[in-house]
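Only one structure is covered here, and it is reproduced in the block below.
The values are calculated or read from the model by the stated rules, or taken from the named source; none is laboratory data. Note that the structure is a prediction, hence the values are computed from the model and not measured. Cβ coordinates were reconstructed from backbone atoms using ideal geometry, including for glycine residues, and neighbour counts include every protein chain displayed. Just so you know, the surface numbers come from the protein's heavy atoms only, side chains and all, with ligands and any DNA or RNA stripped out. Shrake-Rupley method; radii C 1.70, N 1.55, O 1.52, S 1.80 Å.
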Amino acid sequence: MATSVPSAPEIVIAVRDVHTTVGGDVIHAGVTLDVYRGRIFALAGPSGCGKTLLLREALALHVPDSGSIRVLGRDVVGIGDEEALELRQRCGVVFERGALFSSLTVAENVALPLRERSRLGRTLRDEIAALKIALVGLPPSAGPKYPSQLSGGMRRRAALARAIALDPELLFLDEPSAGLDPASGKEFEELVRHLNELLGLTVFVVTRDLGLLWNAADHVAFLGEGRIVAAGTMAEVSRSDEPLVRAYFPGTRSGPAGARP
Amino acid sequence: MVLPGPRIRVESGAMRCSGSWTVDRIERVERLPLGLAWRVGSAVVLDASAVVAMDMAGAWLLHRTARGLERSGRTVTLRLRPEHEAILRIVTSSGVVAGPPRARDRPRVLSAVGRRAWISARELGGLVSFFGEMGVTAARARTGPLRVRWRQVLQHVQTAGFEALPTAALLSFFIGVVLAYQGSALFRPSGAGILVADLVGLAMLRELSPLVTAIIVAGRSGSAYAAQIGAMKMTGEIDSLRAVGLSPIEVLVLPRIAALLVVLPLLTVAADVLGVAGAMVVARAELAMGSGEFLGRVAREIRASDYLLGVCKAPVFAVIIAAVGCYQGLQVADDAESVGRRTTVAVVQSMFLVVVADGFVLVVSRLFGI
């Protein structure tokens, strides 16, 4: 499972030459990228470029036309239902809308994966759920509340608590700061960073949030016109001469990482 | 790579934990520490240095075991591998404490009855005020430039009326058949088979056609209205309608009511025709009565007022069905469950109110001798 060379970081997600067409439109025309264990990987790009689709493909929720995707050492293209389920159990996902179950309280939402995927007793389950709720920075009073009673930022945190309920190795976040005010977005960004450091969690985040790209991401890949047009640290990506990247990050040449000569 | 499962071995004064303490495995040792009776005041060593993998759930189990022992007066020494210390620190610093699960307050019978009654009363009040609001909106629409949304009305006429026609027609045809069949079994022995025409004619035209049509439309369209408007409420479409200065009642509710006002009388007439036709088929087969004879009897014996009374009930039912469906849709809260609940309530409530209105019309028509 683990690589024998300790100096080279383990690749958790390996996407190789993925092609996808949806309804006749070419979305991915040869996407290749690597995500390393314990790092925060951000996938950026204009809307409609297939970022979320790639995330769905990594979770075996969508099948690409060709190419290979390995997640946690397993090939997800053509994976069986049973294996896919097992794999998804090792991954936590927060979708763009949060998608908390509206008829369950926050505590019940967080305890749901524990109830369905483990055989723990009820008390222990509730305690672990309370632990995760505390870990994402929600007050204990948020537990018995329904999602509709929470603010957008708190709902996002609750969704994150549910995603880490089973101690996943890999966390997928789809536009985590969309619809949040800058302050809440910043807090969420710090929370992701914090969890990454605390739990050694690998994070794959699809985002357009510049704050998150600059401050949280270890690696950034820019998806445009069906390919990765730039990859590396955010400072490297922002210095790219690709017109697509330039159009996306206007004025970031003099960004926090310093200006290009 | 399969790691060994979690184990607890008890030696003199020590609890030695080994294997992998992860969320998918620890149910095996979850209750084990509780069963161990350590002497009060004794020192217990909780040795987890042989644990090969630990996640937050495993760390929590260790932590709560240690806390539990300490609370009951034992001193606990926890031994851990250095790489697991960080995860234990997360768990201990979270501030979460283990404790008995909080008991839910279960409502008593009396308070449950009271609560239900209060909810029902409020529901009824809400419905009444909704009718009022609707009346005001309609009145305003009449005084100002009358804006009838023809497109929407026609669309609802199509879905609620035209598409319901096969169901309504088939159902009333078979009700006519069944009624005539029972009637002929009843009247033939006494040689009064011709009364089947009276029975079916009166029952269908006056009572059954409007009622059956209303029930079909309540099931098809009343539920659809509640679900459509409920989904719009959830996605915030209702609020955005209000925000651009449009009244949801004017845009959503009135066209639906107008459509059912058109559709329900027409469907009732269709049901009348098909019901009598069904009876005619049976009369020919069972009583050897020609269709001319049968229809002549119906025409002679059924008064125009009977027919008109049936048709005039239809608009009343239409308002009830559309208004209740839309009202329930507007009551939807922010969760998916309430859409389902409100849709069910819309159908049940509108059918109930239709039958109540039917009884009311019967009493009034008796009083006036119609």
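Does A:I40 satisfy the condition of being within 16 Å of the chain's Cα centre (by Cα), at pLDDT 85 or above and of a type in the set (V, I, T)? Yes. Answer yes or no as to whether B:V262 is free of Cβ contacts under 8 Å to residues at least 24 places away in the same chain, open to solvent by 40 Å² or more (accessible area, probe 1.4 Å) and assigned by TED's automatic domain parsing to the domain that holds B:A169. Answer is no for this residue. Among the residues making up the stretch A:211-236, those that are within 21 Å of A:T52 (Cβ to Cβ), in contact with a strand residue (DSSP E or B) (Cβ under 9 Å, 6 or more places away or on another chain) and either in a helix (DSSP H, G or I) or basic (K, R) (or both) are A:L212, A:L213, A:R227, A:M234.
In the stretch A:134-182, which residue that is on the phi > 0 side of the Ramachandran plot and buried (at least 20 other Cβ atoms within 10 Å of the Cβ) is farthest from the other protein chains (Cβ to nearest Cβ)?
If we take residues in the stretch A:134-182 being on the phi > 0 side of the Ramachandran plot and buried (at least 20 other Cβ atoms within 10 Å of the Cβ), then A:E175 is farthest from the other protein chains (Cβ to nearest Cβ).
Residues that are in contact with a helix residue (DSSP H, G or I) (Cβ under 6 Å, 6 or more places away or on another chain) and either at pLDDT below 85 or under 22 Å from B:V157 (Cα atoms) (or both) within the stretch B:221-240 comprise B:S221, B:G222, B:S223, B:Y225, B:A226, B:A227, B:I229, B:G230, B:M232, listed in sequence order. When B:Q152 is tested against (1) over 25 Å from B:Q331 (Cα atoms); (2) at pLDDT 85 or above; (3) open to solvent by 40 Å² or more (accessible area, probe 1.4 Å), just one condition goes unmet, and that condition is (1). If you check A:L210 against the conditions, is it modelled with pLDDT under 85 and within 14 Å of chain B (Cβ to nearest Cβ)? So A:L210 fails the test.
Only a single item in (1) of a type in the set (V, I, T); (2) within 13 Å of chain B (Cβ to nearest Cβ); (3) within 21 Å of A:V12 (Cβ to Cβ) is not met by A:V203, and it is number (2). Taking the stretch B:38-83 as the range and being open to solvent by less than 40 Å² (accessible area, probe 1.4 Å), part of a loop (DSSP other than H, G, I, E, B) and closer than 19 Å to B:V23 by Cα as the test, the residues that pass are B:D55, B:L80.
Looking at A:E108, A:E116, A:E82, which one is open to solvent by 10 Å² or more (accessible area, probe 1.4 Å) and away from chain B (no Cβ under 13 Å)?
Unique residue meeting the criteria: A:E82.
Within the stretch A:183-195, the set of residues being within 13 Å of another protein chain (Cβ to nearest Cβ) and crowded, with 18+ Cβ neighbours inside 10 Å comprises A:L195 only. Selection of first residues in the stretch B:155-173 that are under 16 Å from B:S223 (Cα atoms) and of second residues that are among the hydroxyl-bearing types (S, T, Y), restricted to Cβ pairs under 8 Å at least 6 apart or on distinct chains, gives the following pairs, ordered by first then second residue: B:H156/B:S221; B:T159/B:S221; B:A160/B:S221; B:A164/B:S221. Restricting attention to the stretch B:198-215, the residues that are touching a residue at least 40 places away in the same chain (Cβ under 8 Å) and open to solvent by 40 Å² or more (accessible area, probe 1.4 Å) add up to 4.
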